[in-house]
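> Sharing a structure with you now.
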Amino acid sequence: MNLSNFGLDSITLAGPLAARLAACRAAGFSQIMLWARDLAEHPGGIEDAVRVVRSSGLRVTGIQAMRDYEGLDGALHEYKLDIARHLLRVCKAVGAPLLVVSASTSSHATGERELIARDLAKLANSAVPLGVRIGYEAQSWSRHVHAWEQAWEVVDMAAHANLGVVLDSFHMLAGGDEIEGLEDMPSEKIALVQLSDFMLRDLGSAEERIETAGHLRVFPGEGCHSAELSNMLRRLDRSGYRGSYSLEIINDDYRQLPPEIVCARGLRAAKWITDQVLRRSLQVRAYAGRTL
């Protein structure tokens with residue numbers, strides 16, 4: 001494993017898009033997870049944002065996030081499908097191989113697994129011509145699919161090669177998910193692993209989880225759940241997962257700091273995972289004429 005397996009999430013960093021990209025690159029990261037609004041809110045417009053991303057030297061891990069998509073019917077379903085197809089074109093424009101779909105929180109969405117699987121398969125089919133994969137992520141406060149096992153059940157039911165599961169350690173830890181069965185999920189069906197920790201031991205209510213998720217996440221190795229996170233990571237490693245790990249740290253304190261400082265913390269987290277958890281040296285690559 002080397003640093004190319006790890007990327008930062010753009011939401012972790014403060015500043016203009018170009019500055020965040022440059023800080024990631026200078027720290028030695030080769031990939032970054034973007035949000036669609038990073039492009040839509042760029043002062044130069046979306047075409048210039050695409051140019052900035054393409055010229056940064058970073059590959060895009062994926063685009064976040066399609067929300068409240070599945071389990072709807074009628075006009076609501078058609079509206080959400082149209083939005084999702086626009087996001088797929090954003091993925092194509094910046095070379096992102098993945099669109100993250102967060103499990104619905106909508107009171108209008110059905111909990112019928114067959115219908116959810118059908119909707120995800122439809123979107124995965126639309127993504128094929130664009131070279132984009134769909135990753136379905138359970139959120140600990142989602143209405144019907146709030147644990148990784150449930151997300152995997154739906155993805156397995158959809159039986160579409162272009163659809164996988166996004167595992168998010170925050171939601172797994174905050175929701176109290178069992179992780180013993182991680183090895184039973186085929187590693188090729190894991191589209192992405194998102195990593196973060198937090199400082200509190202227990203988040204009993206959905207309100208607490210939402211507040212912590214949106215403001216108080218910390219890097220792996222900095223929080224109170226290092227043992228659980230280590231267990232999860234070792235299980236994924238034994239299962240044969242060799243894909244990307246995205247450090248998704250949404251933290252108000254970090255967004256008050258220069259992106260270079262936060263990127264350095266991200267690099268330290270990657271080293272903690274490889275050196276302390278997986279017991280192997282982090283192999284880094286040369287960037288900008290220097291070895292990190």
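> When ranked by the protection proxy of mean other Cβ atoms within 10 Å per residue, highest first, what sequence do the peptides 238-245, 151-158 form?
With the highest mean Cβ count within 10 Å placed first, the list reads 151-158, 238-245.
> Additional query: For region 3-287, just the Cα set please: Rg and Dmax, both in angstrom.
Cα radius of gyration and Dmax of region 3-287 are 17.9, 53 Å respectively.
> How high is the relative contact order of the chain, given as a whole-number percent (alpha carbon pairs under 8 Å, six or more residues apart)?
Value for the chain: 21 percent.
> Continuing with the same structure: May I ask you to give the solvent-accessible area per residue for region 97-189, in square angstrom, as obtained with a 1.4 angstrom probe?
Normalised by residue count, the accessible surface of region 97-189 is 37 Å².
> Starting from the 7 Å offset along Cα-to-Cβ, what nm value, one decimal, do you get for the label separation of R279 and R89?
5.2
> Taking every Cα atom in region 1-153, find the radius of gyration and the maximum pairwise distance Dmax, and write them in Å.
In order Rg, Dmax, the Cα atoms of region 1-153 give 16.2, 48 Å.
> Shifting gears a bit: How many nm separate the modelled label positions at M157 and E260, each set 7 Å beyond the Cα in the direction of the Cβ?
Rounded to a tenth, the inter-label distance reads 5.1 nm.
> Follow-up question, since we're still on this one. Given just the C-alpha atoms of region 44-130, how large is their convex hull per residue in cubic angstrom?
Convex hull volume per residue, Cα atoms: 101 Å³.
> Would you list, by chain and number, the aspartates and glutamates whose Cα falls below 14 Å from the Cα of K271, excluding same-chain residues fewer than 8 positions away?
E222
> Show which lysines lie in cross-link reach of K92 when reach means a straight Cα distance below 24 angstrom and same-chain residues fewer than eight apart are skipped.
Within reach: K80, K122, K189.
> Give the long-range amide H neighbours of G71: residues separated by 5 or more places, or on another chain, with amide H under 5 Å away, using H modelled in the peptide plane at 1.01 Å from N.
Hits under the 5 Å cutoff: D119.
> For region 165-189 and region 39-95, write down the distance between their C-alpha centroids in whole Å.
Each part's Cα centre sits 25 Å from the other's.
> Something else now. Considering only protein heavy atoms and a 1.4 Å probe, what is the carbon-and-sulfur percentage of the accessible area of region 3-287?
Here carbon and sulfur together make up 51 percent of the probe-accessible area.
> What does the highest-first list of 190-202, 37-49 look like by mean Cβ count within 10 Å?
Top to bottom by mean Cβ count within 10 Å: 190-202, 37-49.
> Calculate, in whole percent, how much of the Cα-Cα pair population of region 127-281 lies beyond 29 Å.
Tail of P(r) above 29 Å: 18 percent of Cα pairs.
The values are calculated or read from the model by the stated rules, or taken from the named source; none is laboratory data. All of these numbers come straight from a predicted model, not from anything done at the bench. Because the Cβ atoms are built from the backbone with ideal geometry, glycine has one as well, and the counts that use them run over all protein chains shown. Ligands, DNA and RNA are stripped out before the accessible areas are found, and what is left, the full protein with its side chains, is counted by its heavy atoms. Shrake-Rupley method; radii C 1.70, N 1.55, O 1.52, S 1.80 Å.
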